Amino acid sequence: MKNMADRYNPQEVESQVYQWWESSGFFKSEDQSTKPPFSIILPPPNVTGFLHLGHALDHTIQDLLIRWKRMSGFNTMWLPGTDHAGIATQTVVEKELKKKNITRHQLGREKFVDEVWKWKNEYGDRIYRQMRRLGDSCDWERATFTLDEGVSNAVRKVFVTLYNKNSIYKGLKVVNWSGPLETAISDLEVEYQQVKGGMYHINYPVDGTDQFLTVATTRPETMLGDTALCVHPEDERYKALIGKTVTVPLINRKIKIIADTYVDREFGSGVVKITPAHDFNDYKIGKTHNLEFINILTKKCELNENAGPYQGLKVAEARKKVLEDLKALNLLVKEEPHIHSVGHCSRSGAVVEPFLSEQWFMKMQDLAVPAKRVVESGTLRFEPESWTKVYLHWMNIIEDWCISRQLWWGHRIPAWHCNTCSKHTVSESTPAVCGHCQSKDIKQEDDVLDTWFSSALWAFSTMGWPSEDSKSVETQKTFYPTNYLVTGHDIIFFWVARMIMMGLEFKKDVPFRTVYIHGLVRDSQGRKMSKSLGNSVDPIDMIEKYGADALRFSFLAHLFSGKDFKFSEQRVEGYRNFMNKVWNASRFVLTNLQDFQVPSEGLKAMPAKTHLSVFDQWIITKLADTEKRVSDALEHERFSDAATALYQFIWNQFCDWYIEFTKPIMNSSSVDEKYATQLVMAHVLNRTLRLLHPFCPFITEEIYKSLPLKSEACIIDLYPTIENDRELLSFSSPQAELEVDVVKEVITAIRNIRGENRISPAVKLNVRLGVVHDDVQKILSHNRSAIMTLARLENMEIGEDGNLMKCAVAPVAVGDARVKVIIPLEGLVDFNEEIKRIQKTIEKLEKDVTLLSNKLSNEKFVQNADEDVVAADRVLLQQSKEQVVSLRESLTRFQ
């Protein structure tokens, strides 16, 4: 047996253990194996990124599943990768170049892309190093980057296939546009912020009359692109005006008054301005009514030639000037302060403008039909199930996807424009001539594909598709579909849904069987973590301070299905203490095993039943219960239940009680009894470490190396279950469990009375144990020595209750067994002082009961508060009521 250090030092242990795992090949998966496969594809973090708490939570769940399944005999494949993250990476590199006063346009496309690759090669593995710090047991040999050649082949194949099926087309539509980046951006890159703006009421003169129609808008500058005013067809106020024209103020363009049920006649004046080139809803109205589309912005989001005298102004400047000019013409009826939600580009911080632009789009409705069906049929399930409805709702309202971006970094669209016939040649390989007219005057599209395009193929492009070489075919045959996708709810639509559609289209099967959705990580007050609030936490700092295992366990012990996770450093610190407890208890056990003769059968060696103490049988029974609870919880993705079961077993049963109960046996003269207990201790510690390993891999592996009974490594040892651990668990005994639980609760009650009455631990107590049934009396008599020692007693009587005056009394109930713990307090406490203290405590508790009762009878609180907060308050209320009853009984006895 290897000696353990006095104290657990995560910084020393973690890197050594991880290097050993990796160099030993424990993370590797086999394309051909007799073991059943289990696979997870890591959601690829941005190559620019640092590991944040969201990643840490996400990865901890995946690593738990992978380690559990690896230990359960599966051929596990956890495939890591990083995303080229078009906008994010291009922005980072442009900022670096800016420091040298260089722009990407000065470099040109080819040299700029070279610069990005240089940056990627220098910094791209940073997040992999951080993942190793967390303990991610990925198959690193399979690591994939979204611009690797294999993935690029998959991207081109999918694009060309869908284009040939008329599912991809180029068209003019309104998109989210970032002026500083000069590109379309996805909805996920639009962050909405509450902005103090204005609601402006503008008069439009009705042509040929002295009437005006008043329109309210938050974006008055967009009136320069208006091509209609719209009213409800049944609005009596305006029926006579439908079909007439108004003049757009400032630029004097005549536009029609049209009617559409889209207009809410109850809102404002019931008249809406229609700017089809700069509003998503207006775009649809424009298409329906065949309106003119007038784009008033340049790609930099400055006003263009269609804005007349406002050309060249930025949007904010144009807004100010338009309002001034409207005032001068008495056409600005009123302006009101108005707080509204405005989209901002997450990369540049600029306001996102709806912008009419020629882009490439993918038709989604046909692809969505089978993607809905697999979820409705249960072929693919969401956990928690509530996300199924959200997913299906999104799929029912799905629109065509803008897949092009005006960037240089990314998958360049495999389409070549012909300057002779103006048609596109779309091809997986670079064509020499136009596919339509054979002209050589062709040029590849400048745009690249949305990053989410390559991400949508991630489940199979990472396994070699579309290559038909034997390795790729075997990998897909073994590991596709994957078992789990673990992700946050914010990307169900952007990524999960698209992966399902692409998997069904190109692999004719779902990409994963289960989508496990976890909540987002927030601070301890439930606020979103952000730099501006100063509440961001770096997981690497937490690992440096408390160790990776403490951070991992803090996630897993408080992970409630689908709910946002409130992060607390104090909690991580608490679990660091738990790690110390595990370490110290293991050291103590190993000290007691110094003279233990390791049997030649090793782990197969079992104790003789006749030599087992009741405490040995008790801990084995508790172990059986823990193995059952942990397996059941893991099978049903109740990770916090599994973590809690382990915590309670290790801290409350193994460390606090079993080790204490067996100390006398370790000093016993009975060699056989001592050996049996040593063997049980060795077995239970071995299984405890194996059970805990997927949650806390580093500390368990380090302790495991020192065990007398072990296999090659904890990471590949068998995960204990009641099915595969029958031999040891056959020593379980419900009677032993009852017996020791009664003893444990009696000792706890005595300790509680000592604490409540502030009696020094040095004072040995006289105790009466009031018992009615003979079988309970026998249990207490058999365990007199353990109770006397652990409760620090002078004398212990077992029998009738006797006189309870001037006594502290605590009832104990375990199953059907009942014991009354009675401690005479005469000479130990000042009864007058004690009565005052009890009365004060009762007063405080009664106030608490009133407050909690009012709180819990408030329907709004119960509906809006977190379920765990409400549940905790209900428990506290019940406990407070019980304490009041108990203290009143004490008052009666003390007076």
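Structure values in brief
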quantity: Which numbered condition residue 478 misses (of (1) closer than 19 Å to residue 516 by Cα; (2) in contact with a strand residue (DSSP E or B) (Cβ under 8 Å, 6 or more places away or on another chain)); calculated: (1)
quantity: Residue list for the range 302-313, restricted to those being among the hydrophobic types (A, V, I, L, M, F, W, C) and touching a helix residue (DSSP H, G or I) at 6+ places or on another chain (Cβ under 6 Å); calculated: 303, 307
quantity: Residues located in the range 856-895, provided they are in a loop (DSSP other than H, G, I, E, B), at pLDDT below 85 and of a type in the set (Gly, Ala, Ser); calculated: 865
quantity: Matching residues, the range 232-258, being open to solvent by 50 Å² or more (accessible area, probe 1.4 Å) and either farther than 17 Å from residue 286 by Cβ or β-branched (Val, Ile, Thr) (or both); calculated: 234, 236, 237, 239, 240, 242, 244, 252
quantity: Any hit, the range 441-451, residues being touching a residue at least 24 places away in the same chain (Cβ under 8 Å) and touching an Asp or Glu at 6+ places or on another chain (Cβ under 9 Å); calculated: yes
quantity: The range 776-796, residues that are in contact (Cβ under 8 Å) with a residue 60 or more places away in the chain and either buried (at least 20 other Cβ atoms within 10 Å of the Cβ) or not in a helix (DSSP H, G or I) (or both); calculated: 783, 786, 790
quantity: Identity of the residue in the range 502-517, over 23 Å from the mean Cα position of the chain (by Cα) and touching a residue at least 24 places away in the same chain (Cβ under 8 Å), that ends up surrounded by the most Cβ atoms within 10 Å (Cβ to Cβ); calculated: 503
quantity: Extreme residue, most open to solvent (accessible area, probe 1.4 Å), among residues of the range 17-43 that are touching a strand residue (DSSP E or B) at 6+ places or on another chain (Cβ under 9 Å) and of a type in the set (Gly, Ala, Ser); calculated: 33
quantity: Qualifying residues in the range 342-363 (those that are of a type in the set (Gly, Ala, Ser) and assigned to a loop (DSSP other than H, G, I, E, B)) - the one surrounded by the fewest Cβ atoms within 10 Å (Cβ to Cβ); calculated: 349
quantity: Inter-residue pairs, beta-carbon under 8 Å, first in a strand (DSSP E or B) and in the range 807-832, second among the polar types (S, T, N, Q) and open to solvent by less than 30 Å² (accessible area, probe 1.4 Å), 6+ apart; calculated: 808/757; 808/890; 809/890
quantity: Members of the range 859-889 found to be closer than 25 Å to residue 519 by Cβ, surrounded by 11 or more Cβ atoms within 10 Å (Cβ to Cβ) and not β-branched (Val, Ile, Thr), listed by number; calculated: 861, 865, 866, 868, 871, 872, 873, 874, 876
quantity: Leading residue by the ranking (nearest to residue 826 (Cα to Cα)) among those in the range 734-765 that are surrounded by 13 or more Cβ atoms within 10 Å (Cβ to Cβ) and polar (S, T, N, Q); calculated: 757
quantity: Among residues of the range 44-63, those that are under 12 Å from the mean Cα position of the chain (by Cα), surrounded by 22 or more Cβ atoms within 10 Å (Cβ to Cβ) and not in a helix (DSSP H, G or I), counted; calculated: 0
quantity: Close pairs from the range 109-129: first at pLDDT below 90, partner crowded, with 18+ Cβ neighbours inside 10 Å and outside any helix (DSSP H, G or I), Cβ under 7 Å, at least 6 apart; calculated: 124/47; 124/82
quantity: Matching residues, the range 259-294, being outside any loop (DSSP other than H, G, I, E, B), among the β-branched types (Val, Ile, Thr) and surrounded by fewer than 21 Cβ atoms within 10 Å (Cβ to Cβ); calculated: 288
quantity: The range 314-341: number of residues that are closer than 30 Å to residue 188 by Cβ, buried (at least 16 other Cβ atoms within 10 Å of the Cβ) and aliphatic (A, V, I, L, M); calculated: 2
quantity: Condition met for residue 804 (modelled with pLDDT under 85 and open to solvent by less than 60 Å² (accessible area, probe 1.4 Å)); calculated: yes
quantity: Some residue of the range 298-318 being of a type in the set (D, E, K, R), in a helix (DSSP H, G or I) and touching a residue at least 40 places away in the same chain (Cβ under 8 Å); calculated: no
quantity: Answer residue from the range 65-108, given it is under 26 Å from residue 458 (Cβ atoms) and basic (Lys, Arg) and is least open to solvent (accessible area, probe 1.4 Å) among those; calculated: 67
quantity: Leading residue by the ranking (farthest from residue 513 (Cα to Cα)) among those in the range 376-396 that are among the hydrophobic types (A, V, I, L, M, F, W, C) and open to solvent by 10 Å² or more (accessible area, probe 1.4 Å); calculated: 394
quantity: Test result for residue 215, among the β-branched types (Val, Ile, Thr), surrounded by 21 or more Cβ atoms within 10 Å (Cβ to Cβ) and over 17 Å from residue 333 (Cα atoms); calculated: no
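The values are calculated or read from the model by the stated rules, or taken from the named source; none is laboratory data. Note that this is a predicted model, so its numbers are computed, not measured. We place every Cβ from the backbone using ideal geometry, glycine too, and count neighbours over all the protein chains shown. These area figures cover heavy atoms from the full protein model, side chains too; ligands, DNA and RNA do not enter into them. Shrake-Rupley method; radii C 1.70, N 1.55, O 1.52, S 1.80 Å.
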